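**Student:** Before I ask anything, let me first share the structure, which is written out below as structure tokens.
The values are calculated or read from the model by the stated rules, or taken from the named source; none is laboratory data. Note that this is a predicted model, so its numbers are computed, not measured. In this analysis, Cβ positions are derived from the backbone assuming ideal geometry, glycine residues included, and neighbour counts consider all displayed protein chains. Just the protein is used for accessible areas: all its heavy atoms, side chains included, with ligands, DNA and RNA removed. Shrake-Rupley method; radii C 1.70, N 1.55, O 1.52, S 1.80 Å.
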Amino acid sequence: MAKPRIIETNEGIQGEVTVEIYDQFAKTMRDRGWHEIDNLLKIGMTKGHALEIGPGPGYVGLEWLKKTDDTMVTGCEISPDMLKLAQKNAAEYGFETRTAYVKGTGMTMPFEAETFDNVFSNGSLHEWEDPIAVFNEIARVLKPGGKFCISDMRRDVNPLLKWGIYAITKPKAIRPGYLTSLNAAYTTDELESLLSKSTLKHFSVQKAFFGLTVTGWQ
Ligand SMILES: C[S@@+](CC[C@H](N)C(=O)[O-])C[C@H]1O[C@@H](n2cnc3c(N)ncnc32)[C@H](O)[C@@H]1O
């Protein structure tokens with residue numbers, strides 16, 4: 001049995017220093033190929049306008065843009081410091097015209113209904129104050145037939161793996177944050193129960209080696 005969840009934050013990742021440390025960490029994730037962009041392509045997210053919830057530094061969306069043509073990413077991010085960083089990184093990728101980063105919360109998104117072809121989010125779910133509200137918003141802003149993919153850590157991960165990943169997580173300054181995020185993460189059973197209370201109707205939760213992924217369509 002996993003220990004009870006411990007909430008980490010309801011305000012996202014804030015503060016210039018914290019954001020800078022997170023950027024270094026996210027770059028190592030990107031460079032190790034751990035963002036698994038190919039999984040988005042495999043489930044058919046190959047075209048159109050994607051919404052990324054909690055993009056942080058933005059590498060998931062930016063790498064997806066690199067692997068697709070005629071696509072666009074809009075990021076919905078609660079932290080103003082992360083928004084600035086995502087804009088800077090998008091400019092470094094040369095993707096200013098294919099990206100838009102908007103300040104907002106996934107719980108009440110500032111977008112019209114049926115706007116997006118795809119919605120994806122990585123590593124943000126465990127920070128959402130009200131995940132059911134975010135799932136309802138995903139159902140609202142997706143076009144009919146649109147797909148979604150939410151990936152995150154899993155609290156009931158094998159302890160050996162938990163501490164193995166801890167030891168190789170860089171920079172070292174992010175390691176306490178890695179543990180608090182893990183304590184706030186969901187198990188697949190908890191997530192299935194939350195999803196079943198939302199307006200999303202077509203979803204499946206997959207347990208991965210380290211984390212979990214929810215995929216589905218509207
Ligand atoms: C751990 S970071 C993950 C960043 C990035 N997606 C990645 O894979 O590296 C979580 C991000 O979600 C943002 N966030 C947290 N709660 C949010 C919410 N309710 N709405 C939008 N963004 C949120 C945080 O500010 C932070 O940038």
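**Student:** Are there any trypsin sites (Lys or Arg not before Pro) in the range 110-199 that are in a DSSP loop and have at most 14 other Cβ atoms within 10 Å? List them by number.
**Tutor:** When the trypsin sites (Lys or Arg not before Pro) of the range 110-199 are filtered for loop state and at most 14 Cβ neighbours within 10 Å, Lys197 remain.
**Student:** Related question: Reachable lysines from Lys3, Cα under 22 Å, same-chain residues fewer than 8 places away excluded?
**Tutor:** Straight-distance partners of Lys3: Lys162, Lys207.
**Student:** Across 5 Å bins from the origin, how do the percents of Cα pairs in the range 121-164 run, short distances first?
**Tutor:** Reading upward from the zero bin: 5, 18, 22, 19, 15, 8, 7, 5, 1.
**Student:** Would you mind computing, in nm to one decimal, how far apart the modelled labels at Glu112 and Thr180 are, each placed 7 Å from Cα along Cα→Cβ?
**Tutor:** Here the modelled spin labels are 4.0 nm apart.
**Student:** Please list the equivalent ellipsoid semi-axes of the chain, computed as the square roots of five times the alpha-carbon gyration tensor eigenvalues, in descending order and whole angstrom.
**Tutor:** Rounded to whole Å, the semi-axes are 24, 22, 16.
**Student:** Leaving out ligands, DNA and RNA, what percent of the accessible area of the chain is carbon and sulfur, probe 1.4 Å?
**Tutor:** 56 percent
**Student:** Shifting gears a bit: Would you mind checking the range 76-110 for residues with the amide N under 15 Å from a putative spin-label position 7 Å along Cα→C-beta of Ile7?
**Tutor:** It comes to 107, nothing else.
**Student:** Looking at the range 1-78, which GluC sites (Glu not before Pro) are in a loop (DSSP not H, G, I, E or B) and have at most 13 other Cβ atoms within 10 Å?
**Tutor:** Glu11
**Student:** How large are Rg and Dmax for the range 1-130 when only the alpha carbon atoms are used, in Å?
**Tutor:** For the range 1-130, the Cα radius of gyration and maximum Cα-Cα distance read 14.5, 47 Å.
**Student:** Tell me the label-point distance for the pair Ala173, Glu192, using the 7 Å Cα-to-Cβ offset, in nm and rounded to one decimal.
**Tutor:** 4.1 nm
**Student:** Moving on. Any idea of the accessible area per residue across the chain, 1.4 Å probe, to the nearest Å²?
**Tutor:** Per residue, the chain has 48 Å² of solvent-accessible surface.
**Student:** Mind checking the full-extension length gain between Glu96 and Lys47? Use 0.36 nm per residue of separation minus the Cα-Cα distance, one decimal, nm.
**Tutor:** 15.9 nm
**Student:** According to a simple spin-label model (label point 7 Å from Cα along Cα-to-Cβ), what is the distance in nm between Lys67 and Ser204?
**Tutor:** Between Ser204 and Lys67, the simple spin-label model gives 1.9 nm.
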